[in-house]
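Quick note: the coordinates plus some simple rules give every number you see, no bench work behind them. Keep in mind that what you see is a predicted model, and the values were worked out from it rather than measured. Cβ: placed from backbone, ideal geometry, glycine included. Neighbour counts: every protein chain shown.
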Amino acid sequence: MKNDRLIDTLNDLIQISRDGEEGFRVCAEDASERQVYYKNQFLERSQACGQTVLELQNMVRALGGDPVTHSSVSGALHRQWLNLRTAIMGKDDEVILNECERGEDAAVDAYRKALAEDLPSDVRLIIERQYQGVIVNHDRVHALRDQVRARKAA
């Protein structure tokens with residue numbers, strides 16, 4: 001894989017990881033006060049995404065590239081949509097978790113796309129490890145959402 005293409009791939013992952021960092025932070029802010037557990041989970045996930053961003057930025061620099069410093073346009077639009085929905089519908093935990101899961105679906109897709117590339121083995125190992133973290137994020141959000149739905153149904 002050419003260096004420029006590899007840097008572009010890593011920068012795409014930086015953007016989606018920054019989207020996750022900011023998205024989880026917004027979800028923590030929007031989670032209902034009675035759900036401190038959700039807030040803490042979201043803040044923990046936001047910090048993990050932030051660490052991923054730093055690791056990816058260091059990889060880009062090591063390759064002689066300039067890491068992107070912003071989130072994606074689609075991520076910013078997603079957060080605005082979440083803010084609008086919570087303003088209209090109230091800070092409903094299920095709505096917030098649905099939107100969080102939608103953001104994590106995008107992260108899963110981005111990592112799968114990156115792993116489909118012909119990556120150098122050292123980079124592939126890091127991206128695969130990060131992908132496992134993305135899967136954990138997705139599964140946690142999904143489980144939290146299912147808990148909220150079960151509570152509502154009871």
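With each label modelled as a point 7 angstrom along the Cα→C-beta vector, the residue 54-residue 153 pair spans 4.1 nm.
Take each peptide in 122-134, 12-24, 141-153, 97-109, count the other Cβ atoms within 10 Å of every residue, and average; sorted highest first, the result is 12-24, 97-109, 122-134, 141-153. Within the shell defined by Cβ-Cβ distances under 13 Å, the residues around residue 114 carry a net charge of -1, with Lys and Arg each +1 and Asp and Glu each -1.
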